[in-house]
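The values are calculated or read from the model by the stated rules, or taken from the named source; none is laboratory data. Quick caveat: nothing in here was measured; it's all calculated off a predicted structure. Methodologically, a virtual Cβ is constructed for each residue, glycine included, from the backbone with ideal geometry; neighbour enumeration extends over all protein chains shown. When the accessible area is computed, the model is the full protein with side chains, heavy atoms only, and any ligands, DNA or RNA have been set aside. Shrake-Rupley method; radii C 1.70, N 1.55, O 1.52, S 1.80 Å.
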Amino acid sequence: MTAVRPDFSLETEAFARGVRLVAGVDEVGRGPLAGPVMAAAVCLVAEDIPDGLRDSKTLSARRREGLAAEIHARALVGLGEASTGEIEEMNILQASHLAMCRALAALPAMPDLALIDGNRMPRALPCDGLCLVKGDARCLSIAAASIVAKVARDAVMTELAQHWPGYGWERNAGYPTRQHLQALRDLGVSPHHRRSFRPVHNILWQEKSVNP
């Protein structure tokens, strides 16, 4: 079976309708136990699209970093994040949507249309939007956003790992790997862990039970 590759058809159709600026928007970091959720908004230039844009999950770290540098140099890029505290305050879905809106607001100009990865539209979206399930595998602008967001968040987690060593965030980016879960049991919960997420919550509950 031939793998589906992202294309520029949605953007081209929008331009044909008179839309001037289209942004692909994607987030990364909904599943980790620690760190912020981050989003990117990318407006590609039709005549200058980097080769090899794909869903970031299908690319090696080195390839993602190279493509992210190209995207920053050749497209309009905005980044946004929602902190661990905001995730706890409003839940991960709403925090992801907040990061998306912040990414759009960080663009040099607000787009006329945002192509959103997923099936839920952020309520506070500052422009017209269109949701696209598995958009990072189907739409070049969303694929570009997924790459930029992934590289940016990995860099944040690598930096946090310098201040909170032992959890392996420079390798697992906060996801619940075996090493990370063991470190949680051995080292306890850091200020950057999402306390409402089940593995972290369970450890906190056990500590409370042992130390009433």
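Coupling constants for the stretch 4-11 follow from the phi torsions by the Karplus curve (6.51 cos²θ - 1.76 cosθ + 1.60, θ = phi - 60°), and in residue order they are 6, 10, x, 9, 10, 5, 5, 5 Hz; glycine and proline get x.
Computed from the Kirkwood radius of its Cα pairs, the Stokes-Einstein diffusion coefficient for the chain at 10 °C and 1.306 mPa s stands at 89 µm²/s. Under a 5 Å amide H cut-off, with hydrogens placed 1.01 Å from N, Leu33 pairs with Tyr175 among residues at least 5 apart or on other chains. For the chain, the relative contact order comes to 27 percent (Cα pairs under 8 Å, sequence separation of at least 6).
Principal-axis analysis of the Cα atoms of the chain puts helix 92-105 at an angle of about 40° to the longest axis. Taking the longest Cα principal axis of the chain as reference, the axis of helix 198-210 is set at about 20 degrees.
Against the globular-protein guess of 2.2 N^0.38 Å, express the Cα radius of gyration of the stretch 51-145 as a ratio, rounded to two decimals.
Dividing the Cα radius of gyration by 2.2 N^0.38 Å gives 1.10.
Simple spin-label estimate for Arg120 and Asp51 gives 3.9 nm between the two label positions (7 Å along the Cα-to-Cβ direction from each Cα).
Computed over protein heavy atoms with a 1.4 Å probe, the carbon and sulfur contribution to the accessible area of the chain reaches 53%. Only bridges with both residues in the stretch 1-149 count here: give the DSSP antiparallel percent, nearest 5. Percentage antiparallel, nearest 5: 55.
For Gly80, neighbours were defined as the other residues whose beta-carbon sits under 13 Å from its Cβ, and their charges (Lys and Arg +1, Asp and Glu -1) total -2.
Calculate how steeply helix 61-74 sits against the longest principal axis of the alpha-carbon atoms of the chain, using the helix alpha-carbon long axis, and give the answer as 0 to 90 degrees to the nearest 10. Taking the Cα atoms of the chain, the angle to 61-74 is about 40 degrees. The label point for Asn91 and the one for Ala106, both projected 7 Å from the Cα toward the Cβ, are 2.5 nm apart. Residues whose amide H falls under 5 Å from that of Gly129, counting only those 5 or more places apart or on a different chain, are Ala114, with hydrogens built in the peptide plane. Scalar couplings 3J(HN,Hα) for the stretch 132-148, obtained by applying the Karplus form with A = 6.51, B = -1.76, C = 1.60 to θ = phi - 60°, are 9, 5, 6, x, 5, 9, 10, 10, 5, 5, 6, 4, 4, 5, 5, 5, 4 Hz; x denotes Gly and Pro.
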